[in-house]
Amino acid sequence: EPMPAETQLMSSIVDWIDKNFMQNISLETAAAHFGFSKYYFSRLFNKLFGCNFTVYLNRVRARYVYDNYGKGKTVTSLIYEAGFGCTSSYYQFIRREPN
């Protein structure tokens with residue numbers, strides 16, 4: 001069970017990722033935004049979310065593609081819009097993810 005300060009931080013991180021996932025963000029940019037070293041932020045993120053930053057970020061991006069599929073845009077344009085660097089990184093990610 002996270003402590004109240006951790007719950008607040010988790011909420012802030014989720015909000016920040018939700019607002020910025022379409023940009024070219026990374027563990028480094030997130031750590032800098034929250035004022036942590038990338039090493040500390042990486043350990044903290046894993047502890048709080050149970051996965052690494054990139055996996056979480058790609059889940060948010062893949063969810064965007066899924067939620068917007070069939071609404072008039074091609075899958076390829078959704079993949080790039082969501083912030084994936086290329087279509088193969090999207091397809092590799094969804095093949096590895098359980099759901």
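The values are calculated or read from the model by the stated rules, or taken from the named source; none is laboratory data. Note that the structure is predicted; figures quoted are calculated from it, not measured. Glycine also receives a Cβ, built like all others from the backbone with ideal geometry; neighbour counts cover every protein chain displayed. Accessible surface is based on the protein model in full, side chains and every heavy atom, while ligands, DNA and RNA are left aside. Shrake-Rupley method; radii C 1.70, N 1.55, O 1.52, S 1.80 Å.
For the reader, a short list of remarks on this structure follows.
- Solvent-accessible area per residue in the chain equals 65 Å², computed with a 1.4 angstrom probe and all protein chains kept.
- Overall, the accessible surface of the chain at a probe of 1.4 angstrom is composed of carbon and sulfur to the extent of 53 percent.
- Folded to 0 to 90 degrees: helix 87-96 orientation relative to the chain principal axis, Cα: 60
- Unit charges on C-beta of K, R, D, E only; dipole of the stretch 13-99, Debye: 180
- Loop-exposed trypsin sites (Lys or Arg not before Pro) per DSSP, neighbour cap 15 Cβ within 10 angstrom, longest uninterrupted part of the chain: 1-70
- Between 0 and 90°, nearest 10: helix 38-49 axis offset from the chain longest Cα axis: 80
- Think of the chain as a dipole: +1 on every Lys or Arg Cβ, -1 on every Asp or Glu Cβ, centred on the Cα centre; then among Y90, L48, I13, Y90 lies furthest on the positive end.
- Computed over neighbours whose Cβ is under 13 Å from that of S88, the net charge equals +2, Lys and Arg +1, Asp and Glu -1.
- Cα Rg, Dmax (largest Cα-Cα span) when computed across the chain, Å: 14.3, 43
- Between E81 and F49, the contour length at 0.36 nm per residue exceeds the alpha carbon distance by 9.1 nm.
- Rounded to the nearest 10 degrees, the inclination of helix 53-68 to the longest alpha-carbon principal axis of the chain is 40 degrees.
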